[in-house]
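For reference, the structure discussed in these notes is given below.
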Amino acid sequence: MENNEDYNINYEYIVRYIRDTIKKNDGLLKEMEQYAKENDVPIAQPETIRFIETLILSSKAKSVLEVGSAIGYTAITLANHGCTVDTIERNEEIIPVLYENIEKSGHKDKIKVYEGDATEILSTLDGKYDFIFLDAAKAQYMEFLPHCLRMLNDGGIIFSDNILYKGMVATDELFRRRKITIIRRLRKYLEELCNNDQLVTSIVPIGDGAAISYYKKEQK
Ligand code: SAH
Ligand code: MG
(Lines give C-alpha, C1' and ligand atoms only; values in the text may rest on other atoms or scores of the structure.)
(Ligands and ions follow the chains in the order given, each with its own letter.)
Protein backbone atom coordinates (compact mmCIF):
# COMPACT_ATOMS: atom_id res chain seq x y z
CA MET A 1 0.00 0.00 0.00
CA GLU A 2 1.34 3.42 -0.91
CA ASN A 3 1.67 5.24 2.36
CA ASN A 4 0.52 8.71 1.29
CA GLU A 5 -0.93 9.54 4.66
CA ASP A 6 2.51 9.60 6.17
CA TYR A 7 3.60 12.60 4.15
CA ASN A 8 4.59 15.68 6.15
CA ILE A 9 4.85 19.16 4.61
CA ASN A 10 6.99 20.64 7.38
CA TYR A 11 10.74 20.95 7.82
CA GLU A 12 12.10 17.67 9.05
CA TYR A 13 13.89 19.23 12.04
CA ILE A 14 10.66 20.87 13.21
CA VAL A 15 8.73 17.61 12.94
CA ARG A 16 11.49 15.75 14.76
CA TYR A 17 11.56 18.32 17.54
CA ILE A 18 7.78 18.28 17.99
CA ARG A 19 7.69 14.48 17.97
CA ASP A 20 10.38 14.38 20.63
CA THR A 21 8.10 16.39 22.91
CA ILE A 22 5.30 13.85 22.62
CA LYS A 23 5.07 11.26 25.35
CA LYS A 24 5.49 7.74 23.98
CA ASN A 25 2.54 5.37 24.07
CA ASP A 26 2.75 1.94 25.56
CA GLY A 27 0.53 -1.14 25.37
CA LEU A 28 -1.89 -1.55 22.49
CA LEU A 29 -1.30 1.87 20.87
CA LYS A 30 2.44 1.21 20.77
CA GLU A 31 1.83 -2.21 19.24
CA MET A 32 -0.40 -0.61 16.63
CA GLU A 33 2.27 1.96 15.78
CA GLN A 34 4.73 -0.88 15.20
CA TYR A 35 2.22 -2.83 13.13
CA ALA A 36 1.53 0.22 10.97
CA LYS A 37 5.23 0.76 10.36
CA GLU A 38 5.94 -2.87 9.51
CA ASN A 39 2.94 -3.27 7.24
CA ASP A 40 3.04 0.19 5.69
CA VAL A 41 -0.46 0.97 6.89
CA PRO A 42 -1.28 4.66 7.40
CA ILE A 43 -2.11 5.90 10.88
CA ALA A 44 -2.48 9.45 12.15
CA GLN A 45 0.88 11.18 12.63
CA PRO A 46 1.90 11.75 16.27
CA GLU A 47 1.49 15.54 16.22
CA THR A 48 -1.82 15.27 14.34
CA ILE A 49 -3.29 12.80 16.81
CA ARG A 50 -2.18 15.01 19.70
CA PHE A 51 -3.84 18.02 18.01
CA ILE A 52 -7.06 16.03 17.56
CA GLU A 53 -7.00 14.96 21.21
CA THR A 54 -6.56 18.58 22.29
CA LEU A 55 -9.48 19.70 20.12
CA ILE A 56 -11.71 16.86 21.32
CA LEU A 57 -11.00 17.55 24.99
CA SER A 58 -11.24 21.34 24.78
CA SER A 59 -14.50 21.24 22.79
CA LYS A 60 -15.83 18.51 25.08
CA ALA A 61 -16.79 16.42 22.06
CA LYS A 62 -18.44 13.14 22.98
CA SER A 63 -19.60 11.62 19.71
CA VAL A 64 -17.19 11.20 16.82
CA LEU A 65 -17.58 10.11 13.21
CA GLU A 66 -14.42 9.00 11.44
CA VAL A 67 -14.17 8.41 7.71
CA GLY A 68 -11.23 6.05 7.09
CA SER A 69 -10.55 3.87 10.15
CA ALA A 70 -7.50 1.93 8.93
CA ILE A 71 -6.46 -0.22 11.93
CA GLY A 72 -8.40 1.90 14.45
CA TYR A 73 -5.58 3.96 15.92
CA THR A 74 -7.47 7.25 16.18
CA ALA A 75 -10.77 5.56 17.05
CA ILE A 76 -9.17 3.75 20.01
CA THR A 77 -7.27 6.86 21.14
CA LEU A 78 -10.53 8.81 21.23
CA ALA A 79 -12.47 6.01 22.91
CA ASN A 80 -9.74 6.10 25.59
CA HIS A 81 -10.89 9.68 26.22
CA GLY A 82 -14.49 8.51 26.66
CA CYS A 83 -15.79 9.30 23.16
CA THR A 84 -18.13 7.08 21.19
CA VAL A 85 -16.83 6.60 17.67
CA ASP A 86 -18.61 5.55 14.48
CA THR A 87 -15.94 4.73 11.93
CA ILE A 88 -16.09 3.82 8.23
CA GLU A 89 -13.57 1.62 6.40
CA ARG A 90 -13.73 0.07 2.94
CA ASN A 91 -10.49 -1.93 2.77
CA GLU A 92 -11.43 -5.57 3.35
CA GLU A 93 -7.85 -6.55 4.13
CA ILE A 94 -7.62 -4.10 7.00
CA ILE A 95 -11.07 -4.65 8.55
CA PRO A 96 -10.19 -7.89 10.45
CA VAL A 97 -7.18 -6.11 12.02
CA LEU A 98 -9.44 -3.20 12.92
CA TYR A 99 -11.90 -5.50 14.75
CA GLU A 100 -9.08 -7.31 16.50
CA ASN A 101 -7.66 -4.03 17.82
CA ILE A 102 -11.06 -2.81 18.98
CA GLU A 103 -11.56 -6.10 20.80
CA LYS A 104 -8.14 -5.80 22.47
CA SER A 105 -8.83 -2.19 23.45
CA GLY A 106 -11.89 -3.19 25.47
CA HIS A 107 -13.94 -0.48 23.73
CA LYS A 108 -16.33 -2.65 21.73
CA ASP A 109 -19.21 -0.77 23.30
CA LYS A 110 -17.82 2.60 22.21
CA ILE A 111 -16.59 1.98 18.66
CA LYS A 112 -18.92 0.96 15.85
CA VAL A 113 -17.44 -0.04 12.50
CA TYR A 114 -19.29 0.54 9.24
CA GLU A 115 -17.82 -1.58 6.47
CA GLY A 116 -17.93 -0.16 2.98
CA ASP A 117 -17.28 2.90 0.90
CA ALA A 118 -18.06 6.14 2.69
CA THR A 119 -19.70 7.56 -0.42
CA GLU A 120 -22.40 4.92 0.11
CA ILE A 121 -22.33 4.46 3.90
CA LEU A 122 -22.65 8.15 4.80
CA SER A 123 -26.10 8.51 3.22
CA THR A 124 -27.35 5.60 5.36
CA LEU A 125 -26.18 7.17 8.62
CA ASP A 126 -28.33 9.44 10.71
CA GLY A 127 -26.32 10.04 13.85
CA LYS A 128 -25.49 13.30 15.58
CA TYR A 129 -21.83 14.06 16.00
CA ASP A 130 -19.73 16.64 17.80
CA PHE A 131 -16.58 15.91 15.80
CA ILE A 132 -16.09 14.50 12.31
CA PHE A 133 -12.65 13.31 11.23
CA LEU A 134 -12.24 13.04 7.46
CA ASP A 135 -9.19 10.92 6.79
CA ALA A 136 -10.06 8.95 3.65
CA ALA A 137 -9.84 9.36 -0.12
CA LYS A 138 -9.21 13.07 -0.44
CA ALA A 139 -10.82 13.42 -3.85
CA GLN A 140 -14.15 12.60 -2.22
CA TYR A 141 -14.17 15.11 0.64
CA MET A 142 -16.53 17.39 -1.28
CA GLU A 143 -19.03 14.55 -1.59
CA PHE A 144 -18.77 13.86 2.14
CA LEU A 145 -19.41 17.47 3.16
CA PRO A 146 -23.25 17.64 2.84
CA HIS A 147 -23.47 14.55 5.04
CA CYS A 148 -21.10 16.07 7.56
CA LEU A 149 -23.21 19.23 7.76
CA ARG A 150 -26.40 17.17 8.07
CA MET A 151 -25.07 15.15 11.00
CA LEU A 152 -22.84 17.65 12.80
CA ASN A 153 -24.18 19.21 15.99
CA ASP A 154 -24.26 23.00 16.30
CA GLY A 155 -20.81 24.01 17.52
CA GLY A 156 -19.26 20.82 16.17
CA ILE A 157 -15.98 20.47 14.31
CA ILE A 158 -14.98 18.91 11.00
CA PHE A 159 -11.31 17.95 10.92
CA SER A 160 -10.22 17.33 7.32
CA ASP A 161 -6.79 15.71 7.10
CA ASN A 162 -4.21 15.73 4.29
CA ILE A 163 -5.74 18.77 2.62
CA LEU A 164 -2.49 20.34 1.40
CA TYR A 165 -1.53 17.07 -0.24
CA LYS A 166 2.27 17.16 -0.13
CA GLY A 167 2.07 20.91 -0.68
CA MET A 168 0.72 20.44 -4.21
CA VAL A 169 -2.55 22.16 -3.30
CA ALA A 170 -0.68 25.34 -2.39
CA THR A 171 1.61 25.73 -5.40
CA ASP A 172 1.73 24.63 -9.01
CA GLU A 173 5.51 24.33 -8.69
CA LEU A 174 4.99 20.91 -7.11
CA PHE A 175 2.40 20.00 -9.74
CA ARG A 176 2.35 16.42 -10.98
CA ARG A 177 0.11 15.67 -13.93
CA ARG A 178 -1.39 12.45 -12.61
CA LYS A 179 -2.44 14.25 -9.44
CA ILE A 180 -4.34 17.01 -11.23
CA THR A 181 -7.85 15.74 -10.35
CA ILE A 182 -7.15 15.30 -6.67
CA ILE A 183 -5.45 18.72 -6.44
CA ARG A 184 -8.33 20.49 -8.20
CA ARG A 185 -10.86 18.76 -5.97
CA LEU A 186 -8.99 19.61 -2.79
CA ARG A 187 -8.71 23.27 -3.81
CA LYS A 188 -12.43 23.38 -4.52
CA TYR A 189 -13.17 21.68 -1.22
CA LEU A 190 -11.03 24.18 0.72
CA GLU A 191 -12.69 27.06 -1.11
CA GLU A 192 -16.06 25.69 -0.03
CA LEU A 193 -14.94 25.21 3.59
CA CYS A 194 -13.57 28.76 3.71
CA ASN A 195 -16.57 30.45 2.06
CA ASN A 196 -19.45 28.57 3.63
CA ASP A 197 -21.27 31.03 5.95
CA GLN A 198 -21.95 28.33 8.52
CA LEU A 199 -18.30 27.36 8.87
CA VAL A 200 -15.30 29.06 10.41
CA THR A 201 -12.28 27.30 8.96
CA SER A 202 -8.63 27.38 9.82
CA ILE A 203 -6.05 25.71 7.58
CA VAL A 204 -3.22 24.40 9.70
CA PRO A 205 0.08 23.19 8.23
CA ILE A 206 0.36 20.16 10.50
CA GLY A 207 1.23 16.75 9.08
CA ASP A 208 0.08 16.84 5.47
CA GLY A 209 -2.14 19.85 6.20
CA ALA A 210 -5.40 19.90 8.15
CA ALA A 211 -8.52 22.07 7.93
CA ILE A 212 -10.41 22.65 11.16
CA SER A 213 -13.96 23.86 10.55
CA TYR A 214 -16.23 25.04 13.34
CA TYR A 215 -19.92 24.67 12.52
CA LYS A 216 -22.33 27.38 13.62
CA LYS A 217 -25.67 26.06 12.52
CA GLU A 218 -27.77 28.87 13.91
CA GLN A 219 -27.13 32.24 12.29
CA LYS A 220 -27.25 34.97 14.92
N1 SAH B 1 -7.92 7.54 10.47
C2 SAH B 1 -6.91 6.49 10.55
C3 SAH B 1 -6.03 6.44 9.32
C4 SAH B 1 -6.83 6.32 8.05
S5 SAH B 1 -5.86 5.98 6.63
C6 SAH B 1 -6.05 6.78 11.77
O7 SAH B 1 -5.97 7.92 12.20
O8 SAH B 1 -5.41 5.88 12.29
C9 SAH B 1 -7.09 6.11 5.40
C10 SAH B 1 -8.06 4.94 5.36
O11 SAH B 1 -9.20 5.39 4.63
C12 SAH B 1 -7.53 3.72 4.61
O13 SAH B 1 -7.59 2.60 5.46
C14 SAH B 1 -8.48 3.56 3.44
O15 SAH B 1 -8.80 2.22 3.15
C16 SAH B 1 -9.72 4.29 3.91
N17 SAH B 1 -10.57 4.87 2.87
C18 SAH B 1 -10.16 5.64 1.82
N19 SAH B 1 -11.23 6.03 1.10
C20 SAH B 1 -12.33 5.51 1.69
C21 SAH B 1 -13.73 5.55 1.40
N22 SAH B 1 -14.19 6.23 0.35
N23 SAH B 1 -14.57 4.90 2.23
C24 SAH B 1 -14.10 4.20 3.30
N25 SAH B 1 -12.80 4.12 3.62
C26 SAH B 1 -11.91 4.76 2.84
MG1 MG C 1 -4.41 11.44 7.41
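The values are calculated or read from the model by the stated rules, or taken from the named source; none is laboratory data. Values in this document were obtained by computation on a predicted structure and should not be read as measured data. Every residue, glycine among them, receives a Cβ derived from its backbone with ideal geometry; neighbour counts consider all protein chains shown.
Test of understanding: among I206, I158, I183, which residue is assigned to a loop (DSSP other than H, G, I, E, B) and buried (at least 19 other Cβ atoms within 10 Å of the Cβ)? One residue alone meets the criteria, I206. Being within 25 Å of S58 (Cβ to Cβ), more than 14 Å from ligand 2 (Cβ to nearest atom) and hydroxyl-bearing (S, T, Y) holds for only one residue in T171, T201, T181, and it is T201. Identify, please: which residue in region 40-59 is in contact with a strand residue (DSSP E or B) (Cβ under 8 Å, 6 or more places away or on another chain) and assigned to a loop (DSSP other than H, G, I, E, B) and is, among those, nearest to ligand 1 (Cβ to nearest atom)? Ranking the qualifying residues of region 40-59, first place goes to A44.
Of the strands (runs of 3 or more DSSP E) lying entirely inside region 63-154, those containing at least 1 residues that are touching a residue at least 12 places away in the same chain (Cβ under 8 Å) and within 16 Å of ligand 2 (Cβ to nearest atom) are 63-67, 84-89, 129-134. Restricting region 52-71 to residues that are surrounded by fewer than 14 Cβ atoms within 10 Å (Cβ to Cβ) and polar (S, T, N, Q), which is farthest from N91 (Cα to Cα)? This residue is S58.
For region 186-203, a residue qualifies if it is assigned to a strand (DSSP E or B) and without any contact (Cβ under 8 Å) to a residue 12 or more places away in the chain, and exactly one does: S202. In the set E115, E191, E218, only one residue is acidic (D, E), away from ligand 1 (no atom under 16 Å from the Cβ) and either under 18 Å from the mean Cα position of the chain (by Cα) or closer than 22 Å to S58 by Cα (or both); that residue is E218. Here R177 does not fit the description of being within 23 Å of T87 (Cβ to Cβ) and without any contact (Cβ under 8 Å) to a residue 24 or more places away in the chain. The one condition from (1) of a type in the set (D, E, K, R); (2) at pLDDT 95 or above; (3) under 28 Å from I14 (Cα atoms) that E173 does not meet is (2). Taking the stated definitions as given, is K30 under 24 Å from L164 (Cβ atoms) and among the basic types (K, R)? In short, no.
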